[in-house]
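Just below is one structure, and these are the notes that go with it.
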Amino acid sequence: MLKNYFLGNEVNNNHIIFINYSYNLQDQYIKENMLIELKEFIKDDERYYLMLDEIQEIDGWEKVINVLFENYNVDIYITGSNSRLMSNEISTYLSGRYITIPAYTLSFEEYLTFNENSPLSKEELFNKYLQQGGFHLIANSNFTNYQSYEMIKDIYNSIVLNDIIRRYKITNIDLFTRVINFVMENLGKTFSANSIINFLKSEKRNISVELIYDYLTYLKKAFVIYRAKRYDLQGKTVLKTQEKFYLSDHSFKYSLFGFSPTSISSTLENIVFFELKRRNYDVYIGKLYNKEIDFVAINRDDKMYIQACRNLPDSSDREVTNLIDIKDQFPKIIITLEKYAPFNIEGIKIVNIIDFLQNNY
């Protein structure tokens, strides 16, 4: 897309260099090879555009980028599919010279653009999005759930095998898999490492707290899961216990365990969490005394409180009463699967999930 953008602005095609390093089959390909190869493309003093995919496969790539940036007229775009891209060396060699753009699977708004010629209604497309997730290769297809889940399972297995098991040399794959399964089964629920340990003990399996944290860190670094910490609304502090985790795409869970209507509530939470992330909010789980708020979304001076629920609440439900107990004047929203025009209960806005995802409320 970037290449087409620059060509549309009449950039010489020979000045746009695209290389995907995941396809490099040379075992001894190192940063020196990378620098020599890229320098050969730069023939004059005019601006060159370097688009380097899966660059984290090359050890020491940061030094190469720094040399090119300092000595040549280049505009550089680099991508990677795991956190090896974000090594500590970036701050040493590229400090103040780069912008990070996180990439997620498709939002529902983007999903609609992929299906702008679909005969399905917006509600039907959301139901498809709810069940099949936001991977773009699935988005405008006519795959059945089974076909979609098989493809998504291949993506998931590739990440787990290549970015986690091989990289971290995990030998007890069964134990690691059970930890992942626990996280997925408890999507949208607060839990601790001890919760996982107790679960595994019930299955006659022992594991240390340290190893649990290692496994969760591996999953976060591979962008399989994202963490939401708890935020104490009374003390205005971030807590260190009882976190929640969300999947980078909710279809991962369905690809492994199948779609279940009973899991829709946690899936709605997952969708709302990433919509807030896309809107550049820091997202926390709210704690007010012994009560929980699904999301506290903060962006500098902007803040809002959100509850996500499948069915329309009434004034006595916890989704409403927990928000009423928050005494500041920031917006309070309940997002529901039921289709109603936006309305208010006790000053709390009730919004349909589709309206929220399209910012129509």
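Identify, from the list Y23, Y29, the residue that is closer than 23 Å to D163 by Cα and loosely packed, with under 12 Cβ neighbours inside 10 Å.
The match here is Y23.
Hey, among K229, K253, K244, K221, which residue is farther than 25 Å from D328 by Cα, in contact with a strand residue (DSSP E or B) (Cβ under 7 Å, 6 or more places away or on another chain) and either surrounded by fewer than 18 Cβ atoms within 10 Å (Cβ to Cβ) or not polar (S, T, N, Q) (or both)?
Within the list K229, K253, K244, K221, the selection yields K253.
What number goes with the only condition from (1) over 17 Å from the mean Cα position of the chain (by Cα); (2) open to solvent by less than 50 Å² (accessible area, probe 1.4 Å) that K287 does not pass?
K287 satisfies all of (1) over 17 Å from the mean Cα position of the chain (by Cα); (2) open to solvent by less than 50 Å² (accessible area, probe 1.4 Å) except (2).
Condition check: under 19 Å from V283 (Cβ atoms) and within 24 Å of the chain's Cα centre (by Cα). Does I225 satisfy that?
For I225, the condition - under 19 Å from V283 (Cβ atoms) and within 24 Å of the chain's Cα centre (by Cα) - is met.
Please pick out the residue among T171, T190 that is of a type in the set (V, I, T) and either in contact with a helix residue (DSSP H, G or I) (Cβ under 6 Å, 6 or more places away or on another chain) or farther than 27 Å from K229 by Cβ (or both).
Answer to the selection: T171.
Identify all residues within the stretch 310-321 that are closer than 17 Å to L288 by Cβ and under 26 Å from the mean Cα position of the chain (by Cα); write none if there are none.
Within the stretch 310-321, E319 is the sole residue that qualifies.
Considering only the stretch 153-189, how many residues are surrounded by 13 or more Cβ atoms within 10 Å (Cβ to Cβ), closer than 26 Å to S22 by Cα and of a type in the set (K, R)?
The number of residues fulfilling the criteria is 2.
Would you point out which residue out of Y104, Y77 is at pLDDT 90 or above and in a loop (DSSP other than H, G, I, E, B)?
Y104
Any idea how many residues of the stretch 255-281 are among the charged types (D, E, K, R) and either more than 15 Å from I225 (Cα to Cα) or touching a helix residue (DSSP H, G or I) at 6+ places or on another chain (Cβ under 7 Å) (or both)?
Result for the stretch 255-281: 3.
Out of the stretch 173-193, which residues are part of a loop (DSSP other than H, G, I, E, B), among the small types (G, A, S) and at negative phi?
Answer for the stretch 173-193, where residues must be part of a loop (DSSP other than H, G, I, E, B), among the small types (G, A, S) and at negative phi: just S192.
Considering only residues that are hydroxyl-bearing (S, T, Y) and either surrounded by 11 or more Cβ atoms within 10 Å (Cβ to Cβ) or in contact with a strand residue (DSSP E or B) (Cβ under 9 Å, 6 or more places away or on another chain) (or both), which ones fall in the stretch 114-135?
S118, Y129
Filter the stretch 229-279 down to residues that are part of a loop (DSSP other than H, G, I, E, B) and either aliphatic (A, V, I, L, M) or without any contact (Cβ under 8 Å) to a residue 12 or more places away in the chain (or both), then give me how many there are.
Summing the residues that are part of a loop (DSSP other than H, G, I, E, B) and either aliphatic (A, V, I, L, M) or without any contact (Cβ under 8 Å) to a residue 12 or more places away in the chain (or both) in the stretch 229-279 gives 6.
Among I99, I165, which is the only one that is of a type in the set (V, I, T), modelled with pLDDT under 95 and within 23 Å of L2 (Cβ to Cβ)?
From the options I99, I165, the qualifying one is I99.
Read through the list (1) in contact (Cβ under 8 Å) with a residue 24 or more places away in the chain; (2) open to solvent by less than 90 Å² (accessible area, probe 1.4 Å); (3) out of contact with any Phe, Trp or Tyr (no Cβ under 8 Å at 6 or more places or on another chain); (4) assigned to a loop (DSSP other than H, G, I, E, B), then give the number of the only condition that D44 fails.
Result: D44 fails condition (1) only.
Considering only the stretch 323-330, I want to know if a residue exists there that is under 20 Å from Y231 (Cα atoms) and either touching a residue at least 60 places away in the same chain (Cβ under 8 Å) or under 25 Å from the mean Cα position of the chain (by Cα) (or both).
Taking every residue of the stretch 323-330 in turn, at least one turns out to be under 20 Å from Y231 (Cα atoms) and either touching a residue at least 60 places away in the same chain (Cβ under 8 Å) or under 25 Å from the mean Cα position of the chain (by Cα) (or both).
Condition first: of a type in the set (F, W, Y) and at pLDDT below 95. Now tell me which residues in the stretch 107-134 satisfy that.
F114
Consider I138 carefully, then state whether it is open to solvent by less than 70 Å² (accessible area, probe 1.4 Å), modelled with pLDDT of 90 or more and in a loop (DSSP other than H, G, I, E, B).
For I138, the condition - open to solvent by less than 70 Å² (accessible area, probe 1.4 Å), modelled with pLDDT of 90 or more and in a loop (DSSP other than H, G, I, E, B) - is not met.
With I293, I285 as the choices, which residue is farther than 28 Å from I101 by Cα and among the hydrophobic types (A, V, I, L, M, F, W, C)?
Only one candidate passes the filter, namely I293.
The values are calculated or read from the model by the stated rules, or taken from the named source; none is laboratory data. Owing to the predicted nature of the structure, the values given are computational and were not obtained by experimental measurement. Methodologically, a virtual Cβ is constructed for each residue, glycine included, from the backbone with ideal geometry; neighbour enumeration extends over all protein chains shown. When the accessible area is computed, the model is the full protein with side chains, heavy atoms only, and any ligands, DNA or RNA have been set aside. Shrake-Rupley method; radii C 1.70, N 1.55, O 1.52, S 1.80 Å.
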